[in-house]
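Notes to accompany the following structure.
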Amino acid sequence: MFGLSDLASLIISVFIILPVVTFLRESGYLIASVIFGVKNPRLTIGSGPRFKKIGIFDIRKYYHLYSWFSFDSLKRDGKFAYICIYAGPILVNLVVAFAINALLANGFLEDYRIFWERFIFYVFYYVLLDIVPMFTLNGKPNNGMILYEMLRYGKRIDYNNDPFIPATTDVEEEVQEQMEKIEEMIEEENKSDSHPRS
């Protein structure tokens, strides 16, 4: 039976564990790309209009499960670099999961065992969705499919012209357009409020 303790666990999972696991996953792209001399990297956290930009972190107004990584180019570009970058999220999540699991197995973190076991569960959930080759709802390949294609064919063959990892410059242009539209809407609302209808 679903009770109050289950509701508390669900809230912790949705609003704490899943966003942290998502952030860890996206940081895997960043860590791998830094090795290959990434230019203009950005980790976007959340969705909607920009709340604040701090260095490479773009924090959006609606912080939830949606986060992504973008960059403009690599100094050391090539097949091996992209294999490492697409494997990055999988490897980071696996390292974190195995490290926490080892701590639990050796009697550490006992006071918060249920939390950390649930954390490991969601990490492996993301790893499974990332590592099994498949296409997502929008027709784009997941990391597993990209890795499979890169290893087997030496390139992506999914016939999708959109880059899997967007360019930071393009993302920034979209953000600026979005912010301008929001400002225009606010100005229109202010004008209509200052001229009430009779």
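The values are calculated or read from the model by the stated rules, or taken from the named source; none is laboratory data. Every value quoted in this text rests on a predicted model; they were computed, and no experiment measured them. Neighbour counts are summed over all protein chains in view; Cβ atoms, including those assigned to glycine, are modelled from backbone coordinates with ideal geometry. These accessible areas exclude ligands, DNA and RNA; they are computed on the full protein's heavy atoms, side chains included. Shrake-Rupley method; radii C 1.70, N 1.55, O 1.52, S 1.80 Å.
By the Stokes-Einstein formula, at 1.002 mPa s and 20 °C, the chain with its Kirkwood radius over alpha-carbon pairs has D equal to 111 µm²/s.
Dividing the helix sum by the residues of the chain, where each DSSP H run of 4 or more adds -39500 (n - 2.57), gives a mean residue ellipticity at 222 nm of -19000 deg cm²/dmol.
Within the assembled protein chains, the solvent-accessible surface assigned to Lys79 is about 100 Å², based on a 1.4 Å probe.
Note on exposure: Met134, Met150, Met185, Met1 ranked by accessible area (1.4 Å probe, complete protein assembly) read Met1, Met185, Met134, Met150, with the most exposed listed first.
With 0.36 nm allotted per residue and the present C-alpha distance subtracted, the Arg152-Met134 stretch has 5.0 nm of extension available. Within the range 25-75, the proportion of C-alpha pairs whose separation exceeds 13 Å stands at 55%.
Here the accessible area is traced with a 1.4 Å probe on the protein chains. For the chain, carbon and sulfur cover 63 percent of it. In the full protein context, the chain carries 63 Å² of accessible surface per residue, based on a 1.4 Å probe and ignoring ligands, DNA and RNA. Largest accessible area first, the listed residues Tyr126, Tyr112, Tyr153 line up as Tyr112, Tyr153, Tyr126 when surface is computed with a 1.4 Å probe on the assembled protein chains. Applying 1/(1 + (r/R0)^6) with R0 = 22 Å to the Cβ-Cβ distance of Tyr112 and Leu4 gives a FRET efficiency near 0.70. Sorting Leu18, Leu91, Leu4 by accessible area puts them as Leu4, Leu91, Leu18; the probe is 1.4 Å, largest comes first, and only protein heavy atoms count. Checked against a 25 Å cut-off, the cross-linked pairs Lys52/Lys181; Lys53/Lys181; Lys75/Lys181 give Cα-Cα distances beyond that limit for Lys75/Lys181.
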